[in-house]
Amino acid sequence: MSRGDYLWMKWRAIALLVLGRKAAALSLFDQMGRHWPDDRYVLASRSHLLAEAGRTDEALEVSAHLVDKHPSHARLWFNRGFLLEAAQRDDEAITAFRRAVEIEPKLDRAWYGMALALIRQQRLEEAVAALKRNTELQPMSPYGWYQLARVHVDRQQPAEALKVIKHLKGFEPKVAAQLERETGLSVPKAS
């Protein structure tokens, strides 16, 4: 098949996605995969659609092929890590996220995903390091801060958790209040 055939099929698949016909788009991407088995766009699209359809094992299989054929793309490693983390295959997820941040150190979502997998494994010191990097890269996102406070509580470091809660009060007061309720910690009111 020609490059023109590829482009025509790609645009048809995109149109199907726009129309909400994900199963038909996946079928078209499967067909494209038979003609262009190592194509990054085709593989990434198939993996994504398989994951959305709840076909996690197949999505992971395609994802493994994708990073094998395109190992220098951080976002592909992140996507693989995301799938693995969702499947609670934490060791593999951590490896994928580490590879993503080796390639692209500023990929904040990979630091966050790695932290979640590390937390589940009770590797809290490593999780703190990953969360600190995530919050450096995304200082206004409450997600990393929230998890960082929770990890400090789990590590019996209430003073550190309070620092995070106080920081969150400056830009995400609802998240700070939620942490106060969940942890029983409370930032003293300024007098």
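The values are calculated or read from the model by the stated rules, or taken from the named source; none is laboratory data. Bear in mind that the values here come from a model prediction, so they are computed numbers and not experimental data. Positions of Cβ are generated from backbone atoms using ideal geometry, with glycine treated the same way; all protein chains shown enter the neighbour counts.
Look at the stretch 6-23: where a residue is in contact (Cβ under 8 Å) with a residue 12 or more places away in the chain and closer than 13 Å to Glu52 by Cβ and a partner is charged (D, E, K, R) and surrounded by fewer than 16 Cβ atoms within 10 Å (Cβ to Cβ), sitting 6+ places away or on another chain with Cβ atoms under 8 Å, you get Lys22/Glu52.
Among the candidates Glu160, Glu172, Glu180, single out the residue that is more than 18 Å from Leu116 (Cα to Cα), acidic (Asp, Glu) and touching a Pro at 6+ places or on another chain (Cβ under 9 Å). When all the criteria are applied, what remains is Glu172.
Tallying residues that are touching a residue at least 24 places away in the same chain (Cβ under 8 Å) and not in a helix (DSSP H, G or I) within the stretch 142-175 yields 3. Out of the residues in the stretch 85-97 that are among the charged types (D, E, K, R) and either surrounded by 16 or more Cβ atoms within 10 Å (Cβ to Cβ) or touching a strand residue (DSSP E or B) at 6+ places or on another chain (Cβ under 7 Å) (or both), which is modelled with the lowest pLDDT? This residue is Glu85.
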